[in-house]
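Taking it in order: structure first as structure tokens, then the write-up.
The values are calculated or read from the model by the stated rules, or taken from the named source; none is laboratory data. Nothing here was measured: the structure is a model prediction, and the numbers come from that model. Glycine gets a Cβ as well: all are built from the backbone with ideal geometry, and neighbour counts include every protein chain shown.
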Amino acid sequence: MPRSESIEWYRRAFADDYLWIYSHRSEEDAEKEVASAIRHLPFESGQHVLDLACGAGRHMLAFSDNGAKVTGVDLSDTLLKEAHRRFDEVGRAAELVRADMRYLPFSERFDGVTMWFTSFGYFETVREDALVLKTIRDVLRKTGWWWIDIPNPAHLAKTLVPKSRRELDGPNGPAEVIEKRRITGSQVVKKIEINDSSGKRCFEERVRLYPPEHFGSLVKRAGLTALGVLGDYDGSPFTPSVPRQIWYGTRK
């Protein structure tokens, strides 16, 4: 079924420009974030962990450092190529699969599934987002666990910066990056404009925001059990004033 330009944003946004615009997200940060997750999860060395919307593989590598067998799924060829490069650089194995997170080619295969940095909420309808949760349940073993990191809408509404500007060194030399943000209905929308020696180009990111009671209901209906909700990567508890909702639990 044809979709509008705004709905298909995720098929265009995660390309070459994405890598250097978000290059401040480091492997060191991922190591700390995975360490925090492991403190709350029934994770053990040797488990098989799926990183859904794995991007460039930073969190996969951190789980691998802790003894996990890792699989990454993403729709972006660009990001999967970077994840391949990252694992090749350290001489370590990883399974990397290009697939839509709603329709995964696995069944009851993984001990754990993770989704990091607002990679849930990409689709046109709540039903499609809910299908991602159902798919997570289906790919988990019966004793499996899950970890999903999404924004806290109440905090975001109070702290959203409508416009910011950065100057970065990009692949075409000095670049100006302008980011415009707004909340439209249940979605947060970011328009990113890049100006460099190759000209001007833009792309957009759109994510549906889920209040905790709504997301908790989706989790339950998908056949997953929530064990807790954190407010940030340091493991602090969830309150209305914290920036994140980091949900974790098990397959029901």
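List of remarks:
- Any chance Gly112 is farther than 21 Å from Ser23 by Cα and either surrounded by 14 or more Cβ atoms within 10 Å (Cβ to Cβ) or in contact (Cβ under 8 Å) with a residue 40 or more places away in the chain (or both): yes
- The single condition from (1) crowded, with 17+ Cβ neighbours inside 10 Å; (2) part of a loop (DSSP other than H, G, I, E, B) that Thr239 fails is (1).
- Condition met for Gly228 (in the same structural domain as Trp20 (by TED's automatic domain parsing) and surrounded by fewer than 16 Cβ atoms within 10 Å (Cβ to Cβ)): yes
- Options Glu128, Glu89: the member that is modelled with pLDDT of 95 or more, more than 21 Å from Ala37 (Cβ to Cβ) and in contact with a Lys or Arg (Cβ under 7 Å, 6 or more places away or on another chain): Glu128
- Among (1) touching a strand residue (DSSP E or B) at 6+ places or on another chain (Cβ under 9 Å); (2) of a type in the set (S, T, N, Q); (3) surrounded by fewer than 22 Cβ atoms within 10 Å (Cβ to Cβ); (4) at pLDDT 95 or above - the single one Ser45 does not satisfy: (1)
- The lone exception for Thr250 - which of (1) in a loop (DSSP other than H, G, I, E, B); (2) farther than 21 Å from Ser186 by Cβ; (3) polar (S, T, N, Q) it fails: (1)
- Residue check for Leu96: without any contact (Cβ under 8 Å) to a residue 60 or more places away in the chain, crowded, with 20+ Cβ neighbours inside 10 Å and either aromatic (Phe, Trp, Tyr) or under 13 Å from Asp51 (Cα atoms) (or both): no
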